[in-house]
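Colleague: I'd like to ask some things about the structure below.
The values are calculated or read from the model by the stated rules, or taken from the named source; none is laboratory data. Just so it is clear, the structure is predicted and the values come from calculations on it, not from any experiment. Note: areas computed on protein heavy atoms with side chains; ligands, DNA, RNA excluded. Shrake-Rupley method; radii C 1.70, N 1.55, O 1.52, S 1.80 Å.
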Amino acid sequence: MSFIVRFRNGAPALRGVRSYASVSSSNPAALHLRTGQSFVGKSFGAPVSLFGETVFSTSITSYTESMTDPSYRGQILVFTTPLIGNYGVPENEAPFNSEDVGVVLESKGIQCSAIIVQDLAERFSHYTAMESLDAWCKRYNVPGITGVDTRAITRLLRDHGTTLGRVAVGPDAALSSPADHEYWDPTTENLVAQVSTREPYTLNPTGSVNIAVLDFGTKANILRSLVRRDAAVTVLPWNYDFNNVRDYFDGLFLTNGPGDPGQCMEAAMNVRKTMKEWNKPVFGICMGHQIIGIAAGMNAYRMRFGNRGHNQPVLALASSGSITAGRVYVTSQNHQYALELTDPFPEGWEPFFINCNDSSVEGIKSTVESGKRIWGVQFHPESAGGPLDTIEMFTDFVNECKAVKASLARTQSVSSAPKFTARSPIIATA
Ligand SMILES: NC(=O)CC[C@H](N)C(=O)O
């Protein structure tokens, strides 16, 4: 069934509502866990067998955003919401212009290794839907399993902690669970190096402040959130030494990213130098927050099952910009590691947020006395998907960058400042 939908201004929508059956597979598929349990269901998506780290997400919507989030790289993603796929998958390409970053979702393709759902929607319906979840997974060679008890899997992961898994499809599904040593652990690899940009690039070069982004595997909505606040955004590879070009920038942003932050010590050491010698604003999200913490001398540890979902409450312990101490914000999260809460906190730092469920550190900030302007948050203020309770933290950061730029312009001779053309100097030094 298909019919034309019109927007309020009368223009026809690009696509009609689609709603039709999408799966006809009766191919068996099994999820084996390293802890010894196996779950047998039906295959959808690509008929591919693979290993990965098995994690669960409690998000009830935005499977398309979660699956394209590069932080899920190497992971077999179990959705606790029983029905997945009912609104299909939208067209992902957007025009590359100053208002957007080239994609509608969080990156160009599917990033997680596989997905596990209780009940794959065989009919989908949404005005932006271009294809079914099944067809999208096939196109990106990503396997899925439907018809398994995701509640049982989640309870196991919650009790045993995140564990390694194998998705076995077709004839492989009949094979017994692999031996312990056969399981592949993605966190032993530098996953960040696989998803970070290879070449620096600039978005919105005429923006009012120059912000450098260290790309550990950025979600597109982080870049959009900066561009929409009129920042010129230069995205650098994760191990690029920002110290070589820092004079050209008004602020530094560190993105989210997959895997163990311990794999990114090279970046943490560069950031340590930046934080010591540079007094402009620095803001990090998730992996970026962990890198800031490590650079400040804190420890990152592996949590039992991490936090993945769009309903994580965090309590603000300090006020800063749009954030008020004592308030609880509901946040979007996807992480396995966290910074250790120590008493005392390293000198010059204070906890910014704490998780209301498990008391893990959800944010850190430099103290006012330190004279620095550095913030890190474990959650995702940019959402996509999830609540926008903390979205104004991007406004706070861009405003800080503008204020620092303005105060330096007053004290320095602007004409003698180095002229930076958005693209070429960065590429030349890459
Ligand atoms: N979303 C992220 O940036 C995740 C950070 C890190 N890979 C973790 O799992 O904790």
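Colleague: What do you get for the angle between helix 392-411 and the principal long axis of the chain? Use alpha-carbon atoms, 0 to 90 degrees, nearest ten.
Modeller: With rounding to tens, the tilt is 20 degrees.
Colleague: I've got another one for you. Can you sort HIS126, HIS335, HIS181, HIS160 by 1.4 Å-probe accessible area, starting with the largest?
Modeller: Ranking HIS126, HIS335, HIS181, HIS160 by accessible area, largest first, yields HIS181, HIS160, HIS126, HIS335.
Colleague: Which whole-number value in Å² is the accessible area per residue of region 191-421, probe 1.4 Å?
Modeller: 37 Å²
Colleague: Let me ask something else. Carbon-plus-sulfur fraction of the accessible area of the chain, 1.4 Å probe, in percent?
Modeller: 51 percent
Colleague: Lysines near LYS405 by alpha-carbon distance under 24 Å, same-chain residues fewer than 8 away left out - which ones?
Modeller: Straight-line reach from LYS405, under 24 Å: LYS273, LYS276, LYS280, LYS365, LYS372, LYS419.
Colleague: Rounded to two decimals, what is Rg over Rh for the chain when you use alpha-carbon atoms and the Kirkwood radius?
Modeller: For the chain, the value is 0.99.
Colleague: To continue, here is another question. Whole angstrom only: what separates the Cα centroid of region 345-390 from the Cα centroid of region 245-286?
Modeller: 15 Å
Colleague: Would you please give the residues with an amide H less than 5 Å from that of GLY251, counting only those at least 5 places away or on a separate chain, with H modeled from the backbone geometry?
Modeller: ALA212
Colleague: Give the aspartates and glutamates reachable from LYS108 as a straight Cα distance under 12 Å; neighbours fewer than 8 places away on the same chain don't count.
Modeller: Answer for LYS108, where 12 Å is the Cα cut-off: GLU65, ASP69, GLU91, GLU93, listed by chain and number.
Colleague: Moving on. Quick one: Karplus J couplings for region 286-296, per residue in order, coefficients 6.51, -1.76, 1.60, θ = phi - 60°, nearest Hz, x for Gly and Pro?
Modeller: Karplus values, whole Hz, x for Gly and Pro: 6, 4, x, 5, 5, 5, 4, x, 4, 4, 8.
Colleague: Helix 150-160: angle to the longest alpha-carbon principal axis of the chain, degrees 0 to 90, nearest 10?
Modeller: Orientation of helix 150-160: about 50 degrees from the principal axis.
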